[in-house]
Amino acid sequence: MSSVTAAEKSLAGRTAVVTGASSGIGRAIAETLGGAGAHVVLGGRTKSAMDESVKRITASGGTAESHVHDVRDVAEARALVDRAVEATGRLDVMVNNAGVSYPEPIVDAEPEHWRVMLETNVLALLVGSQAAVRAMRACGADDGHIVNISSVASLQPASGVYGATKHAVRCINESLRRELLDEPIKVISIMPGAIATSFARNFDPAVLELMVSSMGGSGEETQSTQGDRLPDAVLEQAQKSMSEHLCAPEDVAEAVLWAITRPAGVHLAELVVRPKKDLSL
């Protein structure tokens, strides 16, 4: 968990929802916001992992709850926001973090993989944002924030179908930001570069083995099946041994916290978080 001092507990009394909170960037964001005083509602696919985050948040003096849900299911996505409002009577921060990538050439790709990316990276983000706006309006939020985790792929013209979903997110972000200019709800896009997370789980296993071996590890440390979560130990070692090329999830989480705690008159529409020598370029 990112270290947050008592003086930085600027989210006390606030409620935040974080999707894709089972691991990586989502987990780091949830724990960082919880450490800053927010009541955090974690949504994701792995209950045990989220429950561990809830324990860490509670140990730091915060409060949190976890819910297994499928962001691709419209009803479930809306229900996650409803649970946050039911728990505290308010919603202040919505972090649409859940995302997936299948880095395949278009001519060789599986159309079902396109569907998964579009439904996870675009549709779920739209549904989550819409539900959050309606909840913030209903509970009279005076300083609401919708944080959409995008990617530096949205800045690159030839970044494949995954990049196309993130170009869509950039368009959605700016459109929603303009729709809400006269309301106390800000829309923020955080665009990470190369981050040491399990996001690479859908890469070709041979590529993952090469990555791990280049860091001094063995192929046995990678997942046995494509699509499985990468072990935390492997990711931590990757970030330590390639710190100029890979940021840590906590770097993105701290950027989120900083962005949503700016003065009321400051609106950070976009923020890029990347390592010094970004592997995603």
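Among the listed residues I185, I195, which satisfies the condition of being of a type in the set (V, I, T) and at pLDDT below 95?
I195
Kindly indicate the residue of the stretch 77-107 that is within 20 Å of the chain's Cα centre (by Cα) and among the β-branched types (V, I, T) and also nearest to S23 (Cα to Cα) among those meeting that condition.
Of everything passing the filter in the stretch 77-107, V100 is nearest to S23 (Cα to Cα).
Sort out which residues of the stretch 120-148 are touching a Gly at 6+ places or on another chain (Cβ under 8 Å) and more than 18 Å from R178 (Cα to Cα), and write them in order of number.
T120, N121, C139
Anything in the stretch 51-71 that is within 23 Å of V122 (Cα to Cα) and touching a Ser or Thr at 6+ places or on another chain (Cβ under 6 Å)? List them, or say none.
Within the stretch 51-71, V71 is the sole residue that qualifies.
Determine which single condition H69 fails, assuming it passes every other condition in (1) modelled with pLDDT of 95 or more; (2) under 26 Å from R134 (Cβ atoms).
Among (1) modelled with pLDDT of 95 or more; (2) under 26 Å from R134 (Cβ atoms), the lone unmet condition for H69 is (1).
Output yes when any residue across the stretch 104-119 is farther than 24 Å from E179 by Cα, open to solvent by less than 70 Å² (accessible area, probe 1.4 Å) and either touching a His at 6+ places or on another chain (Cβ under 9 Å) or at pLDDT below 95 (or both), and no when none is.
yes
Sort out which residues of the stretch 25-53 are part of a loop (DSSP other than H, G, I, E, B) and under 16 Å from D70 (Cα atoms), and write them in order of number.
R45, T46
Could you tell me how many of the residues in the stretch 130-150 are at pLDDT 95 or above and either of a type in the set (A, V, I, L, M) or buried (at least 22 other Cβ atoms within 10 Å of the Cβ) (or both)?
Selection size over the stretch 130-150: 13.
Does the stretch 32-43 include one or more residues that are farther than 21 Å from K186 by Cα, touching a residue at least 12 places away in the same chain (Cβ under 8 Å) and surrounded by fewer than 16 Cβ atoms within 10 Å (Cβ to Cβ)?
No, because not a single residue in the stretch 32-43 is farther than 21 Å from K186 by Cα, touching a residue at least 12 places away in the same chain (Cβ under 8 Å) and surrounded by fewer than 16 Cβ atoms within 10 Å (Cβ to Cβ).
Do you know which of the residues in the stretch 73-103 that are farther than 18 Å from V147 by Cα and touching a residue at least 24 places away in the same chain (Cβ under 8 Å) is surrounded by the fewest Cβ atoms within 10 Å (Cβ to Cβ)?
Among those residues, the one meeting the criterion is G89.
Looking only at residues in the stretch 181-193 that are of a type in the set (A, V, I, L, M) and closer than 21 Å to L257 by Cβ, which one is surrounded by the most Cβ atoms within 10 Å (Cβ to Cβ)?
By that ranking, first place goes to V187.
Which is surrounded by fewer than 17 Cβ atoms within 10 Å (Cβ to Cβ) and in contact with a strand residue (DSSP E or B) (Cβ under 8 Å, 6 or more places away or on another chain), of V68, V54?
So the residue among V68, V54 that is surrounded by fewer than 17 Cβ atoms within 10 Å (Cβ to Cβ) and in contact with a strand residue (DSSP E or B) (Cβ under 8 Å, 6 or more places away or on another chain) is V68.
The values are calculated or read from the model by the stated rules, or taken from the named source; none is laboratory data. Because the structure is a prediction, the values reported are computed rather than measured. FYI the Cβ positions are ideal-geometry reconstructions off the backbone, even for glycines, and counts take in every protein chain you see. Keep in mind that these areas ignore ligands, DNA and RNA; they rest on the heavy atoms of the full protein, side chains included. Shrake-Rupley method; radii C 1.70, N 1.55, O 1.52, S 1.80 Å.
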